[in-house]
Amino acid sequence: MNWFARNMTAMLFGVATSLITAVLLIYVEAYSGDTMFSTTAHDWIHLKIMAYVPVGAVAAGLVGSIGYLLGALVMRLRPVGADALVMLGMAGAMVFLVQSAEFGLFMGGPERGYAVTKSGKAFSHFLVSSMWHTPLRFWSTGDANDDTAMATFFNPGAGAGGGSRMANSGDGKVDDIGGGVQGLMSTQDVSNTSGAKHFAQVGVGIQSLGTKVLVHGGEWTLLGLQTLGFALGGLLVFFYLRSLPHCKNCMMLLNLKGKETRYFSRSREMRTSVDEVLMRARDKQLQQSIHFHLTKGMEKEQSWSEYCSTIEILRCTCCRVHRMEFRARRRVGSTWKDIDLLGFKGDTLEPVDFR
């Protein structure tokens, strides 16, 4: 299986778990009458800024990302940058589904929630109907002139006559733009030229766009924050997978073939072993350095162990390349801290092992 097929498989796992998570949330909300997806941190921390932290969407995104994580690990897939954009798009679709259903439940009241959970057929019909007849509106309905102005703004060739009448939008900057266009048209004798008509149409479109953004900015902000919150889980998985050892040729995650750690009580003993291992490894004698490592130090950690060194052998299942990773560490309290200057990574086409 090539990289593209593996990527698509992992993505399908992610889409499946995200969709299942969203559908289960909608079902629970319909059955209980409680809104969970749109829950914010303001419910626990009564600060104004907490109203912008979509904890419900974040929690749903974390659960939904489990499928992508498992799929990528099974496929040994290392994601690329474009996958992050796909995750954002998928998060937006899930948020649109949940918000459409929540608005549908809100408009129908508790009785509708009970009705749609009576059977799988009723619930599936409700989901499809919520998406198809979504109550979400990003643009005000306005009047015919308003709609014509917006159409002309995005497609200047669509309006033949345009229109110079501009309503007050309530936004000073937008009104200034519209007023400037009107002033230019009233003082210049070029109103019959196609360029002047086009300029006037664009001015009307800008003013109408500003009015609609003011009216629906809250909806955009809400959906944007929830989309980012839902996508957070997928992005955390994305960056985690990107941090794992991988084959640069195949862009696949490496499999761990084996790991051995040796423990030392004195720094001199540790340095003697580490220097010899690094000397052989840097001379491309990876198998010899692995064998030498196993002859020094203690196999098991003791209470008096102050230093340790570890060798990991990893392998790419596609091109069969092997990698040896070596690191030395020092005990700091109850944890072990890497000694950065005593690390090594090397690839080889020859198979290496601890035997």
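Where a number appears in this text, it was derived from the coordinates with a stated rule and is not lab data. Bear in mind the structure is a predicted one, so any value in this text is a computation, not a measurement. Don't worry about glycine lacking a Cβ; one is built from the backbone with ideal geometry, like all the others, and counts go over all protein chains shown.
A few comments on the model shown:
- Estimated inter-spin distance, L12 and D275, nm [label 7 Å along Cα→Cβ]: 5.7 nm
- Separation of the stretch 278-355 and the stretch 225-275, taken as the distance between their Cα centroids, equals 14 angstrom.
- Under the simplified labelling scheme, the K284-K259 pair shows an inter-label distance of 3.0 nm, with each label point 7 Å from Cα along Cα→Cβ.
- Remark: spin-label model distance K296-V28 equals 5.4 nm, labels positioned 7 Å along the Cα→Cβ axis.
- Normalised radius of gyration (Cα atoms, divided by 2.2 N^0.38 Å) for the stretch 252-348: 1.09.
- With the highest mean first, a sort of the peptides 300-313, 5-18 on other beta-carbon atoms found within 10 angstrom per residue produces 5-18, 300-313.
- Footprinting exposure proxy for H133, H322 (fewest neighbouring C-beta atoms within 10 Å first): H133, H322
- Long pairs among K257/K300; K259/K300; K259/K296; K257/K337, criterion Cα-Cα beyond 18 Å: K257/K300; K257/K337
- Neighbour counts of C-beta atoms inside 10 Å place M1, M251, M131, M270 in the sequence M1, M131, M251, M270, starting with the fewest.
- Sorted by Cβ neighbour density within 10 Å, fewest at the top, the residues W336, W220: W220, W336
- Global form of the stretch 3-61, assessed from the alpha-carbon gyration tensor, a/c cut-off 1.5: oblate
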